[in-house]
1. Against the condition under 30 Å from N408 (Cβ atoms) and part of a helix (DSSP H, G or I), how does F180 come out, does it pass?
2. Name the residues in the stretch 362-407 that are closer than 27 Å to A25 by Cβ, part of a helix (DSSP H, G or I) and charged (D, E, K, R), would you?
3. Would you check if A142 is of a type outside the set (S, T, N, Q) and either out of contact with any strand residue (DSSP E or B) (no Cβ under 7 Å at 6 or more places or on another chain) or free of Cβ contacts under 8 Å to residues at least 40 places away in the same chain (or both)?
4. Answer with yes or no whether T384 is of a type in the set (S, T, N, Q), in contact with a strand residue (DSSP E or B) (Cβ under 9 Å, 6 or more places away or on another chain) and on the phi < 0 side of the Ramachandran plot.
5. Given the criteria touching a helix residue (DSSP H, G or I) at 6+ places or on another chain (Cβ under 9 Å), surrounded by fewer than 19 Cβ atoms within 10 Å (Cβ to Cβ) and either at pLDDT 90 or above or more than 19 Å from A405 (Cα to Cα) (or both), does I9 qualify?
6. Within the set of pairs 6 or more residues apart or between chains, which connect a residue that is polar (S, T, N, Q) inside the stretch 286-315 to a residue that is assigned to a helix (DSSP H, G or I) and surrounded by 16 or more Cβ atoms within 10 Å (Cβ to Cβ) with Cβ atoms less than 8 Å apart?
7. Looking at the structure I just gave you, is L183 modelled with pLDDT of 95 or more, farther than 30 Å from P133 by Cβ and touching a Leu at 6+ places or on another chain (Cβ under 8 Å)?
8. Provide a single number: the residues in the stretch 12-40 that are farther than 14 Å from G113 by Cα, hydrophobic (A, V, I, L, M, F, W, C) and free of Cβ contacts under 8 Å to residues at least 12 places away in the same chain.
Amino acid sequence: MNLGASIRIFVLCAFGASLDLSISATQIGAALLLIDWAWRAASKEKSGVWKAADLDFPIVLFFLWTGFTGIFRHSITMLDFLRNQSAFLLFFWAAQALDDKSTRRLLRWLCIGAALAGALGILQALFKINYLPDQRTYVVPAFFKNWPECIVHKLSLNNERAQGPRTHPLTYAESFIPGFFLLLGGLAREIRSARPSFLKMVSIGFGLALVVGGILLAQGRAVWLGLGLGLLVFACAVGRRFFFITVLLFGFALAVVAAVSPRIRGRFLSVASSSGGITADQQSKAVRFTLWRQAVEGILSHPVVGVGLEGARLTSIDPISHEQRVWTETHNLFLQFALELGLIGLGIFAWILVIIGRMVYRAAPDWRPAFAGMFVAFLVAGLTESWPKDKSVAMLFWLLIGNLAFLNQNRNEKI
């Protein structure tokens, strides 16, 4: 199935925007683009040899190891394994199938999708429709009482947290990480250029403001912390002067938001305080400590192979339903891999992270700050959230790493 040049461009742009807007559209777009790539490669329409990347072998090895643990422990069927781990394919597609113009177009539309997702989150906060998951009911203002249920659902907050087009506020917040740093990188490049365009700066700044609004309203504490530290790394990569300006502006913005919104202020404080935030904030933090303790016990019991991919089964009291619940996520990226894949799997993943860090360091100066910031943000967010378990976020991460591999290879070819 050869899509043709014009259709391929349309699918590519729609796929880029859908990464933040719709997991279903993302999967459809990814399937079309992967099939198109395979068809062109088979028909030799796309000439040239495979451009080997440092990550090729470790990712294949990690993929095979995850499959082995699942089969060995009988924790997942082969079909589910292939479906869940298909996000890795986007790394190879982005690294091998795209050219420079397509990569930039894809990243541009990813940023547009992130801005649109942020706008939806802001609308949800303005309309004040609230879904209460513990009661499974909606609190709907009188103006929206007669609106169709599907629209009310799309415009509703989730327990006073924006969720945009996602099914959960945390996934919504994590999906903003690439768009935030790509937009920030574009703004920094434009400001520092010899002939900056005022129109470009305004458009990028407006998109960035929408993304920041969505991030704040989603109230994902791990993402806030990850973005904060990632922002400092981003600023360091740009330059010393930019770093100090960023620290001052970031501190000022943080103080303003904390002063204006008691809910967000309490959510911030609950990260380090045992009394900050509302009761649910402290309960969710307590759940994480319980899951981490059980995960460590599971790792000690199965240190080599682990319990198998998708084999994690942890128990705790759900802070929403207040009932006993079985969790498949440890809410920690590294504990998740150690528990499911054993120390061997964790070691392979650590090897992958080291190589990614080296790739970020070798990136072109125009791209290095954005990729450094998002890489740090994903790792820090992963300390309290197992985002690789969420396919929509995993697809974003591996796609961006594939883009980084291509940009580095393209840079080396031009030198």
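The values are calculated or read from the model by the stated rules, or taken from the named source; none is laboratory data. Just so you know, these numbers come straight off a predicted model, no measurement behind them. Counting neighbours? That spans all protein chains shown, and the Cβs are built from the backbone with ideal geometry, glycine included.
1. On the way: under 30 Å from N408 (Cβ atoms): yes; part of a helix (DSSP H, G or I): yes.
Spelling it out, F180 is indeed under 30 Å from N408 (Cβ atoms) and part of a helix (DSSP H, G or I).
2. Selection gives K389, K391.
3. Numbers: of a type outside the set (S, T, N, Q): yes; either out of contact with any strand residue (DSSP E or B) (no Cβ under 7 Å at 6 or more places or on another chain) or free of Cβ contacts under 8 Å to residues at least 40 places away in the same chain (or both): yes.
Yes.
4. Values: of a type in the set (S, T, N, Q): yes; in contact with a strand residue (DSSP E or B) (Cβ under 9 Å, 6 or more places away or on another chain): no; on the phi < 0 side of the Ramachandran plot: yes.
When the stated conditions are applied, T384 does not pass them.
5. Details: touching a helix residue (DSSP H, G or I) at 6+ places or on another chain (Cβ under 9 Å): yes; surrounded by fewer than 19 Cβ atoms within 10 Å (Cβ to Cβ): yes; either at pLDDT 90 or above or more than 19 Å from A405 (Cα to Cα) (or both): yes.
Here the answer is yes, as I9 does meet what is asked.
6. T315/Q294
7. Details: modelled with pLDDT of 95 or more: yes; farther than 30 Å from P133 by Cβ: yes; touching a Leu at 6+ places or on another chain (Cβ under 8 Å): yes.
Taking the combined requirement at face value, the residue satisfies it.
8. Within the stretch 12-40, residues that are farther than 14 Å from G113 by Cα, hydrophobic (A, V, I, L, M, F, W, C) and free of Cβ contacts under 8 Å to residues at least 12 places away in the same chain number 3.
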